[in-house]
Amino acid sequence: MDRRGFFGVGGAAVLLCTIDGKQVAVRTADDVEKVDAAMASLRRPRSAARKQTQRDPLDSASFPSPEPQPGGQKREYWIAARPVKWNVAPNGGDQWMGKPAPRPSRFTAFVYQRCSAGFAEPIGPPKMPGPTLRAEVGDTIVVNFRNMGTGRFAQPITVHPHGVRYTPDYDGAYLGDFTRVGGFVEPGEEFTYVWEAVPESVGVWPYHDHGPNHTLNTFRGLFGTVIVKPKGAPIPDVERVLYLHSFSPQVTGIPRLLHCVNGRTYAGNTPTIRAKVGQSVELHVIGGDSNFHTFHIHGHRWQDSGGANVDNPSVGPNETITAAFREDNPGRWLYHCHVFTHQDAGMAGWYLVDP
Amino acid sequence: MLPFRSLPLVASVALLAFPTAALAIDYPPAGNPGKGGTKVRAGKAKTLTVCKQRKCRYRSIGAAVRKARGGDTIKVRNGTYKEGVNITGSRYDGLKLVGNTGKPRKVVLQGKGLKGAKAQNGVLINNADGVTVKGFYARKYKANGFFVVNAVGYTLTKLVAGHTGVYGIYAFNSKGGTMSRSEAFENNDAGFYIGQTPRQTKPKRSIVSKVKSHTNVLGFSGTNMRYVTIKDSDFYNNGSGIVPNALDSEKFPPPDRNVISGNRIFWNNFNYYAGAPFTIPASGPAGLAGYPIGVGVLLFGSQNTVVEKNRIFGNWLAGFGAIQQIQLALEKDPKLQEASVLRGNTVRNNDFGLGGGDLNGRDMFYDGSGTGNCFAGNTVRSPNVPADNSTFAPCPGPAANTPNSDAQKEGLSWVVGVNKSDPSTFEKFWIKHPHSVQKGIKPLERFTR
């Protein structure tokens, strides 16, 4: 085992899933297969309101769908979740170290993909993270979601957002017998989520699967980003979202942990960001697994939300930090997670600044 | 919302003939599709083979169907089968009926000469979920070529349906299916039809893709059709192309949450009253006087429907039209009044007139009724109605659109005063232009053998 392989396997975590009310350790690909099979046969929960022993008026309460505020608009998206063949190192090499990236590098991922209206056709290739949903305060975000899971991914899934306001129906969370309508979308079904961009929603947030198998499915690629700006706020010249996350061997069947940025591993495969001196830059970094990461850009520094100067802030699971600065330093730079085991296993990329 | 009651033409509106619901020709009653869920049969699925020769155990498809159960595959060899195939009941969930997928015309389901129920449909799927039918040519049935009712998750692909008494390929009161890579022609109602889709909280979308529909009264009809995407298909040489419509003769009006995307919709100027390869029925859009001929896409009452990225050309009356369902608007029932309203429809990024090489008579017609309807990014090359474009609100659509009584009068004038005994009356509002050349297709206005 080489150094990178050692770091990779050493960082793998045991996943925990719940089957029939029992917590199960998912250590191997076989365990994953069993969990998938159990989830595929999971029955749609009955309404908790029908169960005398668990009845609570809250569970049968109805809530109106939100409308945009005056001056706001409805931002409509069509998003399908579907399996895709995924290569974490499509360009082959680790450009930072000038070596080939370890093989194998392909597995079947599960992603959210933006589509045209009516799911008539996909818009662009499948990506991680999934579509970025943009809104301004006062808008509603309407997500027409379709579960196109097939094979072992034919199981109920959802879309659960952070940051925006929603009623329980649009939570997109499986809650066992208390599951509301949007918390269990079976293969072939659609559900339309409606979320509000309220003033407190300003920021950059993740969304992800929160169905009954959400841990595994989020780790397979079912995640994306919501960006809410104040009304009329300018868009930065360069704005990118970077998910720091990993694919575990249980999920991929590849015998090492794959440390990734946006589903790719090693510089040259991970996103290469390009800017020019003088441009406003905002890089939104989100922790996309169960690890804590840091985000470091060589040659740059910026202020955190508290006003402190930083160049390597930490970011936890499903937390967002933003590196915002006016570009002033041309050259080829690295960005990476500064947890050494992560950066050495591929959580790094290029930041190129033109004069 | 009420229609423009002040219009003098309103009294004539009730006489307008718009697409009718499925004709009651031995149709099974509508149930609740998918009520029990698809049952998975224990044991290994079988393959049953049908052919006209002695080597096959089954000489008729019906005989194989009677022996088959859900999940089985029935393979049908080339030949002509004079029968109406009936697949009814949940015991057939997941059945596959496979003809010649490379050359569907080699496996003919022939309705001519049949009597009774067998003469109605080439293939009837009733109350059976997840059934697949592919690789057949159904012709000369009294009702439909291929008909799905009360089912969830049908797959109809690589089929041909022609010369039927009503519809070519048809799904009614069903949820979530696929119609693809198929052709329907010379049907005296619609080539393809999805109707009476039950409302669903988490809908199963139906996809119609890569189909051809031509030489029909309508290319596609959709009475109270929901959650349907029609894409990448050709609708040409029909009386009108694609017509989602709201009617109270079927359950669940109006049509809602449909998408018409990426299709070619052209030359829909087939004046069947001047001659047709089929009999004009007593009912249906052709049977009643006053149905417009020469429209590419017509929304006759629709909600939350998207019409985008279509190429619409050579339709002599109008490429696209949207009008309130005026008959429902006159009903006392507030639910039917609501169903009449054009609400939340989006028409965007369509290309009209094929770069100037095949112009529509008019590109877009909209009476301005309803709320939240909007138009964006369309390339138009012929005049719109109204000519001042005052009804074509930009996206997102306004809380209330701006009605235009002159536009509605003009639209009504196209269907009032026509007379099916005088075919020329259907052409008097056409604005004709030279057609383009489309490989393998000739424009059809008046049928001659």
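In table form, for the structure just shown:
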| item | result |
| --- | --- |
| All strands (runs of 3 or more DSSP E) inside the range B:155-265 with 3 or more residues being within 14 Å of chain A (Cβ to nearest Cβ), under 26 Å from residue B:323 (Cα atoms) and modelled with pLDDT of 95 or more | B:206-209, B:228-231, B:259-261 |
| Residue A:87 of a type outside the set (Phe, Trp, Tyr), surrounded by 14 or more Cβ atoms within 10 Å (Cβ to Cβ) and free of Cβ contacts under 8 Å to residues at least 60 places away in the same chain | yes |
| Scan of the range B:69-85 for residues that are within 22 Å of residue B:158 (Cα to Cα) and either over 31 Å from the mean Cα position of the chain (by Cα) or not in a strand (DSSP E or B) (or both), ordered by number | B:70, B:71, B:72, B:77, B:78, B:82, B:83, B:84 |
| Whichever residue in the range A:124-143 is more than 14 Å from chain B (Cβ to nearest Cβ) and not in a loop (DSSP other than H, G, I, E, B) and, among such residues, is surrounded by the fewest Cβ atoms within 10 Å (Cβ to Cβ) | A:134 |
| Residue under evaluation residue B:277, criteria (1) of a type outside the set (Lys, Arg); (2) buried (at least 24 other Cβ atoms within 10 Å of the Cβ); (3) in contact (Cβ under 8 Å) with a residue 60 or more places away in the chain, criterion not met | (2) |
| Odd one out for residue A:94, checked against (1) acidic (Asp, Glu); (2) away from chain B (no Cβ under 14 Å); (3) farther than 18 Å from residue A:244 by Cα | (3) |
| Odd one out for residue A:163, checked against (1) away from chain B (no Cβ under 13 Å); (2) farther than 27 Å from residue A:259 by Cα | (2) |
| The range B:379-427: number of residues that are of a type in the set (Gly, Ala, Ser), surrounded by fewer than 17 Cβ atoms within 10 Å (Cβ to Cβ) and more than 26 Å from the chain's Cα centre (by Cα) | 5 |
| Test result for residue A:99, away from every other protein chain (no Cβ under 14 Å) and either in contact with a strand residue (DSSP E or B) (Cβ under 6 Å, 6 or more places away or on another chain) or in contact (Cβ under 8 Å) with a residue 24 or more places away in the chain (or both) | no |
| Flag for residue B:303 being within 14 Å of chain A (Cβ to nearest Cβ), buried (at least 24 other Cβ atoms within 10 Å of the Cβ) and over 19 Å from residue B:384 (Cβ atoms) | yes |
| Sole exception among (1) surrounded by 20 or more Cβ atoms within 10 Å (Cβ to Cβ); (2) in contact (Cβ under 8 Å) with a residue 40 or more places away in the chain; (3) more than 12 Å from chain B (Cβ to nearest Cβ); (4) not in a loop (DSSP other than H, G, I, E, B) for residue A:146, by number | (3) |
| Hits in the range A:255-268 - residues which are surrounded by fewer than 23 Cβ atoms within 10 Å (Cβ to Cβ) and either under 21 Å from residue A:132 (Cα atoms) or modelled with pLDDT under 95 (or both) | A:255, A:262 |
| Of residues in the range A:181-199 being outside any loop (DSSP other than H, G, I, E, B), more than 14 Å from chain B (Cβ to nearest Cβ) and in contact with a Lys or Arg (Cβ under 8 Å, 6 or more places away or on another chain), the one farthest from residue A:154 (Cα to Cα) | A:196 |
| Tally of residues being touching a residue at least 40 places away in the same chain (Cβ under 8 Å), surrounded by fewer than 24 Cβ atoms within 10 Å (Cβ to Cβ) and at positive phi across the range B:169-226 | 3 |
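Table: residues versus (1) outside any loop (DSSP other than H, G, I, E, B); (2) basic (Lys, Arg); (3) in the same structural domain as residue B:240 (by TED's automatic domain parsing).
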site	(1), (2), (3)
B:335	yes, yes, yes
B:347	yes, no, yes
B:362	no, yes, yes
B:390	no, no, yes
B:393	no, no, yes
B:396	no, no, yes
B:434	no, no, yes
B:448	no, no, yes
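The values are calculated or read from the model by the stated rules, or taken from the named source; none is laboratory data. What you see is a predicted model; the values in this text were computed from it and never measured. Note that each Cβ is placed from the backbone with ideal geometry, even for glycine, and that neighbours are counted across all protein chains shown.
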